[in-house]
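Notes to accompany the following structure.
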Amino acid sequence: MKIHLGTEEIKNIKNAVVTCGTFDGVHIGHQKILSRVKEVAKEIDGETVLITYWPHPRLVLKPWDNSLQLLSTFPEKANLLETHGVDHLVKIPFTQEFAQMNPEDYVRIVLHERIGAKKLIIGYDHRFGKDRAGGLPELQQFGPKYGFEVEEIPRQDIDEIGISSTKTRRAIEVGDLELAYSFLNRPYALTGLVVHGKKNGRKLGYPTANIQVKEGYKLIPCDGVYAVRVCNKYRKLGGMLNIGLRPTVSGGSKTIEVHIFDFDEDIYNSEITIEFIARIRTEQKFESLEALKAQLKEDEKSAKAALSKL
């Protein structure tokens, strides 16, 4: 997959089959669109193109609103899109100036002149252009004028619930990993750097790696204890992870700490990815360290049981 920063340098994309949007989380609805894009490209001997925007438009249009948490960082999104067969990922810097582009100018400049779109495939709720004024009717109007066909993919439902990035975020925010998995078709994951902590876990017989997530907008699941898989470039290992304030041992700022089962290697300053498999319980304050230690043993059993079902 080739990543293009902007559209100015794009040249010679063969029979471009295009889709566009933020694609946060690359959920099942997005995956359906990508599957169709790939299918059409094969039919017309073309190349697949995905146009996305960074930062997320809402972060630019409403900079005072820090409530938006994203399912995917850009590197995470790029990796997911590559696995779904995207040949060209076009990363358009989303600015206040770009947000003022009217729908026809977007179609003419971006889709026609820069990309050379032959077919555009969009989701059922796709909007574009200044004030989100453009949609399917406008694309059907502009398509013949600028030489491309338009196809809309209908809403994707699970148990009559329409899938969206917003609904996926809500599921993760309340710890409903089963629902999130059904929307994503994979475990929710985050990537971070292993940093030094206070080593309280080691004193309890459960040494932990403290995870620092660099991107402040990355969605962190709600506080609690989780069964997880810990991944690096070479392998995946089971573990249990705590998100919260550690009220029994110290309190203070929120941390993300993972205990990796049957593992005793130095991984400080390395990057790891955490896949959230199951939420075991909420974070609790215990009367003593012994009570906490006893609960950790139960958490380990629960985590291993959840992981054994994979």
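Read the figures in this text as sums done on the coordinates, not as results from a lab. The shown structure was predicted, so the numbers you read here are calculated from the model rather than taken from an experiment. Reconstructed Cβ throughout: ideal geometry from the backbone, glycine too, with neighbour counts over all protein chains shown.
Does segment 2-162 classify as rounded, prolate or oblate by the C-alpha gyration tensor (a ≥ b ≥ c root eigenvalues; a/c under 1.5 gives rounded; else a/b over b/c gives prolate, otherwise oblate)?
Judged from the Cα gyration tensor, segment 2-162 comes out rounded (a/c under 1.5).
Sorted by packing (mean other beta-carbon atoms within 10 Å per residue), highest first, where do 219-231, 266-278 land?
Listed from highest to lowest mean packing, they are 219-231, 266-278.
Considering the options I3, F23, V40, tell which one lies farthest towards the positive end of the dipole of segment 1-95, charges being +1 on Lys and Arg and -1 on Asp and Glu at the Cβ, about the Cα centre.
It is F23, whose Cα lies furthest towards the positive end.
Using only Cα atoms, tell me the angle between helix 136-146 and the longest principal axis of the chain; keep it within 0 to 90° and round to the nearest 10.
For 136-146 against the chain, the angle is about 50 degrees.
Under 16 Å from a label point 7 Å along Cα→Cβ of Q141: give me every residue in segment 113-130 with its amide N that close.
127-130
So which aspartates and glutamates can K254 reach, going by Cα to Cα under 17 Å and dropping same-chain residues fewer than 8 places off?
Partners found: E173, E215, D223, E283.
Answer rounded, prolate or oblate for segment 187-308, using the Cα gyration tensor with square roots of eigenvalues a ≥ b ≥ c: rounded when a/c is under 1.5, else prolate when a/b is larger than b/c, else oblate.
Judged from the Cα gyration tensor, segment 187-308 comes out rounded (a/c under 1.5).
Direction-averaged shadow area of the convex hull around the Cα atoms of the chain, nm²? Don't skip to the answer; put the middle values down first.
Values: hull surface 71.1 nm².
Mean projected area of the Cα convex hull: 17.8 nm².
With contacts defined as alpha carbon pairs under 8 Å and 6 or more residues apart, what's the relative contact order of segment 194-310 in percent?
Answer for segment 194-310 is 31 percent.
Calculate the spin-label point distance for N12 paired with R108, positioning each point 7 Å from the Cα along the beta-carbon direction, and give it in nanometres.
With each label placed 7 Å out from Cα toward Cβ, I get 2.8 nm.
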